[in-house]
1. Residue by residue through the range 1-31, note down the ones that are farther than 17 Å from VAL53 by Cα and among the hydroxyl-bearing types (Ser, Thr, Tyr).
2. Residue under question is LEU40, and the condition is that it be more than 15 Å from the chain's Cα centre (by Cα), surrounded by 12 or more Cβ atoms within 10 Å (Cβ to Cβ) and modelled with pLDDT of 75 or more; does it hold?
3. Filter the range 56-81 down to the residues that are at pLDDT 80 or above, part of a strand (DSSP E or B), surrounded by fewer than 16 Cβ atoms within 10 Å (Cβ to Cβ) and not hydrophobic (A, V, I, L, M, F, W, C) and list them by number.
4. Condition first: surrounded by 11 or more Cβ atoms within 10 Å (Cβ to Cβ), of a type outside the set (Lys, Arg) and modelled with pLDDT of 80 or more. Can you find one or more residues in the range 82-97 that meet it?
5. Looking only at the range 25-55, which residues are without any contact (Cβ under 8 Å) to a residue 24 or more places away in the chain and within 14 Å of VAL71 (Cβ to Cβ)?
6. Residue under question is GLY22, and the condition is that it be within 17 Å of the chain's Cα centre (by Cα), at pLDDT below 70 and within 30 Å of VAL2 (Cβ to Cβ); does it hold?
Amino acid sequence: MVYCKKCGAKLPKNANYCSLCGASVKEFRKEEFKVPSDDLVKTVKKLIHEGNVRRIIIKDEKGKLLFEIPVTIGVIGTIIAPWLAALGVIGAIATNCTIIVERKGD
């Protein structure tokens, strides 16, 4: 039997998410790096095309959450275009940004 790491509920062996709290059962690793605002959109596009990214979080230099993008396999093209436009606006406001990338575990 598998247990949820967030709420402790018992889960079936093949569960991907907790049925009580919705937390992911699978392991993910996080990477964090700083980029200048000029490279923000280009870096996010590159990360999305890598294919093993689950979520991208963008914070300003003070650590305030600016943007969070859940990335799934089917999210490309017209769905991601408005987010990239919003990132351009964020890049114009913030000087340096921290990108936190959540990747699928190995």
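1. Residues satisfying the conditions are TYR3, TYR17, SER19.
2. Values: more than 15 Å from the chain's Cα centre (by Cα): no; surrounded by 12 or more Cβ atoms within 10 Å (Cβ to Cβ): yes; modelled with pLDDT of 75 or more: yes.
Here the answer is no, as LEU40 does not meet what is asked.
3. GLU68
4. Yes, there is a match, as at least one residue in the range 82-97 is surrounded by 11 or more Cβ atoms within 10 Å (Cβ to Cβ), of a type outside the set (Lys, Arg) and modelled with pLDDT of 80 or more.
5. LYS46, HIS49, GLU50, GLY51, listed by residue number.
6. Values: within 17 Å of the chain's Cα centre (by Cα): yes; at pLDDT below 70: no; within 30 Å of VAL2 (Cβ to Cβ): yes.
Taking the combined requirement at face value, the residue does not satisfy it.
Each row is one residue, and each column tells you yes or no for (1) within 23 Å of VAL101 (Cα to Cα); (2) touching a Phe, Trp or Tyr at 6+ places or on another chain (Cβ under 6 Å); (3) not in a strand (DSSP E or B).
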{"residue": "CYS7", "(1), (2), (3)": "no, no, yes"}
{"residue": "ALA15", "(1), (2), (3)": "no, no, yes"}
{"residue": "LYS26", "(1), (2), (3)": "yes, no, yes"}
{"residue": "LYS30", "(1), (2), (3)": "yes, no, no"}
{"residue": "ASP39", "(1), (2), (3)": "yes, no, yes"}
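The values are calculated or read from the model by the stated rules, or taken from the named source; none is laboratory data. Quantities reported herein were computed from a predicted structural model and do not represent experimental measurements. Methodologically, a virtual Cβ is constructed for each residue, glycine included, from the backbone with ideal geometry; neighbour enumeration extends over all protein chains shown.
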